[in-house]
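Since every read-out is calculated from the coordinates, none of them should be taken as a lab result. Just so it is clear, the model here is predicted, and its values are computed rather than measured. Because the Cβ atoms are built from the backbone with ideal geometry, glycine has one as well, and the counts that use them run over all protein chains shown.
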Amino acid sequence: MLMKYSISLKSALEKGASLKRLNRREAFSLAETITPEILHELGAAALANRRSRFNDQATYIFNMHINPANICTMGCSFCNYAASAREEHAYVLEEDDIIEKVKRLNPTETHIVGGLNKVWPYERNLNLVRLLRQNFPCLHIKAYTAVEIAFFAKTSGKTMQQVLEELLEAGLDGMPGGGAEIFSERLYKKHWPNKCSPKEWLEIHKLAHSMGITTNSTMLFGFGDTWPERIEHMLALRRAQDEGGRFMCFIPLAFQPGQGNFIEQGPTPLDTLAVLAIARLVIDNIPHLKSYWPMTGLETAAAGLSWGADDMDGTINEEKIAHLAGAPTPKGLARNRMIETISMAGFLSVERDGRFHEVSSLEEIMD
Ligand code: SF4
């Protein structure tokens, strides 16, 4: 069947495939591709774009998640991770266990995020960063979402700048991108009215960037959001990056319906691939695009490498957030399985560090 393309869509696909910036109208026209007839055109443009940037390489990191405690009272409607202190699935990790696990796994990077609570207050988290830095001088410590930074400032009586300065001094290397959800006032008021608003999330990241801290960015999708909301979110990140931002990576997070949630079905694999492809074409100034396998499943994440993504995140030992929300994926991957997955998807695996630099050859690591 001969499809009628709008002028904007034709231009968006051509410009996106050749690394040119899409204007606002072109960016929105990409939502027209979400039909079986022309979805593949979107994928082809995103693949051409990612090949020009990264050739056949796809990166991953040998990393570990530390989620100190899931006790949290923010009450975000979509969260299956949080628990009240009395609930059966509430847990609290202790410093000794964390240090012992890091020692045993010896990861390149730790990703630290958790619930907002009194058990792990600001000072205890600050001390954890200090302890990790003292024990593991080369470890890349990526820690605390904007939501946690706002909470630490509020509960400690310090400014956010002071909190970030103290964390940096303790050994922080960068911040993750969680907590952004989707930049939609409509969904913010409905689903997470007690924590950072979209505007505050962006302001905290801008503050971190102004202090030289690199951060990631995310977007939660597939929970009642619309394509225009997704594209507005991507454009807002692109603007922030233009204004001196230091975002390293954009990570679309496929919603996990979990148990007893307000929606039965998360996004389909095709929806996930379309989000990746559109992000690749719209956000031209954030260098990396991650296909986050714990939430999409390994196969869809691997397919995402052909739809614009250049990074598969990591081996993620000890991940708890997606899994308490019912993600059926494994809780960690062996290095070999990651390499095999990337290779089966038709790409060349490259192990990276927390700043997206290639690490020494695997033979050296394994020696
Ligand atoms: S999403 Fe984060 S802030 Fe919201 S309830 Fe869950 S753990 Fe708490």
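Observations, loosely collected:
- For Gly314, nonlocal amide neighbours, meaning residues 5 or more places apart or on other chains whose placed amide H falls under 5 Å from its own, are Ile61.
- Calculated FRET efficiency for the pair Glu243/Asn336, C-beta based, R₀ 35 Å, to 0.05: 0.25
- The distance linking region 224-248 with region 131-160 is 24 Å (Cα centroid to Cα centroid, whole angstrom).
- Within the chain, DSSP assigns beta bridges of which about 5% are antiparallel (rounded to the nearest 5).
- Summing charges over all other residues whose Cβ lies under 11 Å from the Cβ of Thr214, with Lys and Arg as +1 and Asp and Glu as -1, gives +2.
- Whole-Hz ³J(HN,Hα) from phi, Karplus 6.51 cos²θ - 1.76 cosθ + 1.60, for region 193-202, glycine and proline x: x, 8, 10, 2, 7, x, 5, 5, 4, 5
- Gyration tensor verdict on region 37-366 (Cα atoms; rounded if a/c is under 1.5, prolate if a/b is larger than b/c, oblate otherwise): rounded
- Amide proton proximity set for Gln57, modelled H, under 5 Å, gap of 5+: Leu348
- Dipole magnitude (debye, nearest 20) for region 89-153, charges at Cβ of Lys, Arg, Asp, Glu: 140
- The magnitude of the dipole of the chain, with charges of +1 and -1 set on the Cβ of Lys/Arg and Asp/Glu and taken from the Cα centre, is near 940 debye.
- Taking a Cβ cut-off of under 13 Å around Ala345, the surrounding Lys, Arg, Asp and Glu residues balance to a net charge of -3, with basic ones at +1 and acidic ones at -1.
- Cysteines, the chain, no other Cys beta-carbon under 4.7 Å: Cys72, Cys138, Cys196, Cys249
- Cut-off under 5 Å, modelled amide H: who pairs with Cys249 long-range: Ser217, His288
- Each of Ala82, Leu42, Ser11 was scored by the projection of its Cα onto the charge dipole of the chain, and the greatest displacement toward the positive side belongs to Ser11; charges sit on the C-beta of Lys, Arg, Asp and Glu.
- Toward the positive end of the charge dipole of region 37-366, with +1 on the Cβ of Lys and Arg and -1 on the Cβ of Asp and Glu, the farthest Cα among Asn135, Ser217, Gly157 is that of Gly157.
- Exceeding the 29 Å Cα-Cα cut-off - candidates Lys15/Lys142; Lys20/Lys189; Lys158/Lys290; Lys103/Lys158; Lys101/Lys290; Lys142/Lys199: Lys15/Lys142; Lys20/Lys189; Lys158/Lys290; Lys103/Lys158
- Top positive-direction residue, dipole computed over the chain with Cβ charges, set Leu333, Thr296, His191: His191
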